[in-house]
Amino acid sequence: MSRYHEPVLKEEVLRYLNPPEQGWIVDGTLGDGGHTELILKNTGPLLHVLGVDRDAQAIERATKRLAPFSDRATLVHGNFGNIRNILKKVNVMSVDGVLLDLGVSSPQLNSPQRGFSFMHDGPLDMRMDQTQKTTAANLLKNLSDSELVSVIKEYGEERFSKRIVRAIRKAQVQASITTTLQLSDILASVAHTSRPTRIHPATRTFQALRIAVNNELEHIKIALSNSLEILNATARFMVISFHSLEDRIIKNFFRDEEKGCICPPRIPVCACGHKQRLKVLTRRPLVPMKEEVQRNPRASSAKLRVAERIYV
Ligand SMILES: C[S@@+](CC[C@H](N)C(=O)[O-])C[C@H]1O[C@@H](n2cnc3c(N)ncnc32)[C@H](O)[C@@H]1O
C-alpha cells in the first residue's frame, strides 16, 4: 500500500499547537507520520518530535517518510499509555505539546491482512500491536455470551447486541468465525431481520471488537493523566477523536482538570487539594471545514479538543 494516511485538521493542529522554537512535541499516534511531518516542516531546527505508535508497521512506514528529518524525529514502537517511561528512555524530562489522533489509520483499515475492515476479506485480527496475543477471533471464541453482549452494546452502542450474539453462537455451532467476511455476513443477516440502517450493519460490531481487542478506552484514560505529568507550563494538549465514546472521555477529563478545589460545597476549608491543571481552549470541539470532508470523508467525524497546561 503506497498511499499515506491523510492527516485530519492540519491547519487547526498547527495553529493550536503553537510550538516553541526549541523543545519537544509528542505525537502519541504517529501513524504514517503525517502530523509529525507537518509539525517538522513548519518549525525550526531546534524543535524535536517524539513519535510513538503501537503498530510496528506504522513506525516502519513513518521512518521512511520522515527520513529527511531524522535528526529531529525520534520514533518509538510503544503504547502512548506508557509515555512517561518512553520519555525516560529517550532522556526527555518534559515536553511542549502532546498530540493524540485516535483510532485507526488508513493503512490499517485498507489492509485486508489486518482484519479491521468488513469491506475486505481477511483474518479476523484487529490488533494494532501485532505482538499482542488476543485477536478479534479469540474474543469471539473466548468471551462468555454476556461479556460479548456488553462489548457490542457498550463499545459499539449497538441496540441489537443480544440478537447479534445469538446469531454468532448459532454460526459457531457449524464452524469457528475466523474471517472478517464470515462475521460481516452474520451481522448482515441479523440486520436483515431487524431494521434497515443507514450505516453498514457490521459497522458497530466491528468498532466494538476493535476497541475491545486493543483496550482502547483504557489506554486513552491512562495517557490523558500521564500526559499531564510531562507537559511544561503553557504546553498544548490536543486530542482528535472519531466517535462519541472517545470524545466523552476527553471532554470530561478536560472539564475535571479545569477545576480547582472539588470538595463538596458544604466543606468550609478545602480538603481535596485538587488544583487546576488545564485551561480549555476549545469550549466546543473544532471540526473540519466542509472542503476537508469533501476531500477526505474520513474526517467527517473528527473532533479536536485543545487545552493548555497550567501550574497554579
Ligand atoms: C488515526 S492514526 C494516526 C495518523 C497520523 N496522525 C498521521 O498523520 O499519519 C492512529 C494511529 O494511532 C495508533 N494508536 C492507537 N492507539 C494507540 C496507543 N494506545 N498507543 C500508540 N499508538 C496508538 C494506531 O496504531 C494508528 O497508527
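Computed from the coordinates by the stated procedures, all read-outs in this text should not be read as laboratory data. Fair warning: this is a prediction, and the values are worked out from it, not measured in the lab. When we count neighbours, we look across all protein chains shown, and the Cβ atoms used for this are built from the backbone with ideal geometry, even at glycine.
Assorted remarks:
- Extension reserve of the SER150-MET289 stretch, reckoned as 0.36 nm per residue once the Cα distance is removed: 46.5 nm
- Averaging over all projection directions, the Cα-based convex hull of segment 121-192 occupies 4.9 nm² in the image plane.
- Over 27 Å apart at the Cα level, from the set LYS153/LYS279; LYS10/LYS275; LYS10/LYS89; LYS88/LYS303; LYS251/LYS275, are LYS153/LYS279; LYS10/LYS275; LYS10/LYS89; LYS88/LYS303.
- For segment 21-109, the list of GluC sites (Glu not before Pro) that fall in a loop by DSSP and count at most 12 other C-beta atoms within 10 angstrom reads GLU21.
- Distances between placed amide hydrogens fall under 5 Å for VAL76 paired with GLY51, VAL52, ASP53, all partners being 5 or more residues away or on another chain.
- For segment 114-214, the relative contact order is 40 percent, taking Cα pairs closer than 8 Å that sit 6 or more residues apart in sequence and dividing their mean separation by the residue count.
- Shape analysis of segment 188-283 places it in the prolate category; the axes a ≥ b ≥ c from the Cα gyration tensor give an a/c of at least 1.5, with a/b above b/c.
- Rounded to the nearest whole angstrom, the semi-axes of the ellipsoid equivalent to the chain, taken from the Cα gyration tensor as √(5λ), stand at 35, 25, 18, largest first.
- Loop-located trypsin sites (Lys or Arg not before Pro) in segment 242-312 (DSSP state other than H, G, I, E, B) with a sparse environment of at most 11 neighbouring Cβ atoms within 10 Å: ARG266, ARG283.
- Rounded to whole numbers, the Karplus 3J(HN,Hα) couplings from phi for segment 69-79 are 10, 4, 6, 10, 10, 10, 10, 10, 7, x, 9 Hz, using 6.51 cos²θ - 1.76 cosθ + 1.60 with θ = phi - 60°, and x at Gly and Pro.
- In Å, descending, principal axis extents of the Cα set of segment 2-52: 32, 21, 17
- Over the chain, dividing the summed -39,500 (n - 2.57) contributions of all DSSP H runs of at least 4 residues by the number of residues returns a 222 nm mean residue ellipticity of -12000 deg cm²/dmol.
- If the chain linking ALA188 and ASP256 were pulled fully straight, counting 0.36 nm for each residue of separation and taking away their Cα-Cα distance, it would gain 20.4 nm.
- Helix 203-214 axis, angle to the chain major axis (alpha carbon atoms, nearest 10°): 60 degrees
- Three-way shape label, segment 255-300, alpha-carbon gyration tensor, a/c 1.5: prolate
- Under 5 Å between amide hydrogens, built in the peptide plane, is the criterion, and for LEU278 it picks out GLU258, ILE310 among residues at least 5 positions away or on other chains.
- R0 of 35 Å, Cβ-Cβ distance GLU11-ASN138: FRET efficiency to nearest 0.05: 0.30
- Coil-residue trypsin sites (Lys or Arg not before Pro) of segment 181-242, DSSP, other Cβ within 10 Å capped at 11: ARG198
- Candidates SER244, SER117, SER105: whichever shows maximal mean-square fluctuation once the chain is modelled as a Gaussian network with Cα springs under 10 Å: SER244
- Length gained on full extension, VAL269 to LEU281, computed as 0.36 nm times the residue gap minus the Cα-Cα distance: 1.4 nm.
- Two-site FRET efficiency, ASN296 against ARG65, from Cβ-Cβ distance with R₀ of 22 Å, rounded to 0.05: 0.75
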